[in-house]
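Submitted below is the structure of interest, expressed as structure tokens.
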Amino acid sequence: KQEVTQIPAALSVPEGENLVLNCSFTDSAIYNLQWFRQDPGKGLTSLLLIQSSQREQTSGRLNASLDKSSGRSTLYIAASQPGDSATYLCAVSPIMNYGGSQGNLIFGKGTKLSVKP
Amino acid sequence: KAGVTQTPRYLIKTRGQQVTLSCSPISGHRSVSWYQQTPGQGLQFLFEYFSETQRNKGNFPGRFSGRQFSNSRSEMNVSTLELGDSALYLCASSMGGRGQEQFFGPGTRLTVL
């Protein structure tokens, strides 16, 4: 059964710092991995999607990498800003979903990021 | 192109009542998935509908049910509400193929008193 872990659970950094968020998953049989951002009480905003055949994706100050063989992904945020404060979630799309019970996306519990001015 | 919409955005109910939540997917998307998000359990998969048929189902009791209409809009229903059903309910839509990118709505915040 696929499990997704995100470490750390919370992170506080000063404005301008570069930072890395980590995501690990137990089963490498995935279609893709997505990184989402969630503001308090709001829905999920998709940041980056990496297909299983890709190694990384970039969007603006964000860069996500995927190492499927080791079951790891990282989200790199350059020159962090207070507006980046949010919870960041990673989710994998499993090829095997154990009879459908795991659905199309399996999420980690997220990393709550706080960027201090 | 309009995004995923969910109504209502907020609901307050009492124990024992039932509730219906609605989700309208992105135009052209045929798959709608529902998730429950709580502080303790995180995001948990409820069920997925594709072309009006339930395709996948998570490990939730039968009090949680759903359906999908011919225009791909979906509803989920929770009967005999319990305090533990208080959560943010999110729906996501996609084109429908396995591994397709999922797009999420703003969620419905349900509070059970």
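By the scheme Lys and Arg +1, Asp and Glu -1, what is the net charge of all other residues having a beta-carbon under 14 Å from that of B:Tyr10?
Local charge sum for B:Tyr10: +4.
Sort B:Lys57, A:Lys109, B:Lys13 by accessible area with a 1.4 Å probe, largest first.
Values: B:Lys57 75, A:Lys109 130, B:Lys13 55 Å².
The ranking, largest first, comes out as A:Lys109, B:Lys57, B:Lys13.
Right, another one. If R0 is 30 Å, what FRET efficiency do you get for B:Thr20 and A:Ser52 from their C-beta distance, rounded to 0.05?
0.20
Further, regarding this structure: Given an 8 Å cut-off on Cα distances and at least 6 residues of separation, report the relative contact order of chain A as a percent.
Reported as a whole number, the value is 37 percent.
Let me ask something additional. Would you list B:Thr5, A:Thr87 from the most to the least accessible area, probe 1.4 Å?
B:Thr5, A:Thr87
Positive end of the dipole of the protein assembly as shown, charges at C-beta (+1 Lys, Arg; -1 Asp, Glu), about the Cα centre: which of B:Thr111, A:Val92, B:Gln17 has its Cα farthest in that direction?
B:Gln17
Probe radius 1.4 Å, ligands and nucleic acids left out: which of B:Arg73, B:Arg9, A:Arg37 has the largest accessible area, and how do the rest follow?
B:Arg9, B:Arg73, A:Arg37
Also, I was wondering about something else. Averaged over peptide B:83-93, how many Cβ atoms belonging to another chain are found within 10 Å of each residue's Cβ?
1
Mind checking the per residue accessible area of segment A:1-84 for me, 1.4 Å probe, whole number of Å²?
Dividing the accessible area of segment A:1-84 by its residue count gives 49 Å².
With +1 on each Lys and Arg Cβ and -1 on each Asp and Glu Cβ, and nothing else charged, work out how big the dipole of segment B:1-107 is about its Cα centre, in Debye to the nearest 20.
The calculated dipole for segment B:1-107 is roughly 100 debye.
Over chain B, calculate the relative contact order: mean separation of alpha carbon pairs under 8 Å at least 6 apart, over the residue count, as a percent.
Once normalised by length, the contact order is 36 percent.
Take the residue pairs A:Lys1/B:Lys13; A:Lys68/A:Lys109; A:Lys68/B:Lys57 and return only those whose Cα atoms are more than 31 Å apart. Can you show the working numbers first?
Numbers: A:Lys1/B:Lys13 35 Å; A:Lys68/A:Lys109 20 Å; A:Lys68/B:Lys57 26 Å.
Listed pairs above 31 Å: A:Lys1/B:Lys13.
Along segment A:42-59, what does the Karplus equation 6.51 cos²θ - 1.76 cosθ + 1.60 (θ = phi - 60°) give for ³J(HN,Hα), rounded to whole Hz, x for Gly and Pro?
For segment A:42-59, the Karplus curve yields 10, x, 9, 10, 6, 9, 8, 10, 10, 6, 4, 8, 9, 9, 7, 9, 10, 8 Hz.
Counting only the heavy atoms of the protein chains, how much of B:Val32 is accessible to a 1.4 Å probe, in Å² to the nearest 10?
About 0 Å², rounded to the nearest 10.
Further question: How big is the A/B interface in buried accessible area, both sides summed, 1.4 Å probe, to the nearest 100 Å²?
Working: alone 6240 and 6100 Å², together 10490 Å².
Heavy-atom accessible area buried at this interface is about 1900 Å².
Taking beta carbons within 10 Å but only from partner chains, what does the mean come to for residues B:16-24?
The shielding value for this peptide is 0.
Can you work out the accessible area per residue across segment B:12-108, with the rest of the protein chains kept in place, probe 1.4 Å, in square angstrom? Mind dumping the intermediate values first?
Numbers: 4100 Å² over 97 residues.
About 42 Å² of surface per residue is accessible.
Calculate what fraction, in whole %, of the accessible area of the protein assembly as shown sits on carbon and sulfur atoms when a 1.4 Å probe is rolled over the protein chains.
Values: 5180 of 10490 Å².
C and S atoms contribute 49 percent here.
Work from the charge dipole of chain A (Cβ charges, +1 for Lys and Arg, -1 for Asp and Glu, about the Cα centre) and give the residue of A:Val13, A:Ser28, A:Ala78 farthest towards its positive end.
Of A:Val13, A:Ser28, A:Ala78, it is A:Ser28.
The values are calculated or read from the model by the stated rules, or taken from the named source; none is laboratory data. Nothing here was measured: the structure is a model prediction, and the numbers come from that model. Heads up, the Cβs are rebuilt from the backbone with ideal geometry, glycines too, and the neighbour counts pull from every protein chain shown. The accessibility values were calculated without ligands, DNA or RNA, using every heavy atom of the protein model including side chains. Shrake-Rupley method; radii C 1.70, N 1.55, O 1.52, S 1.80 Å.
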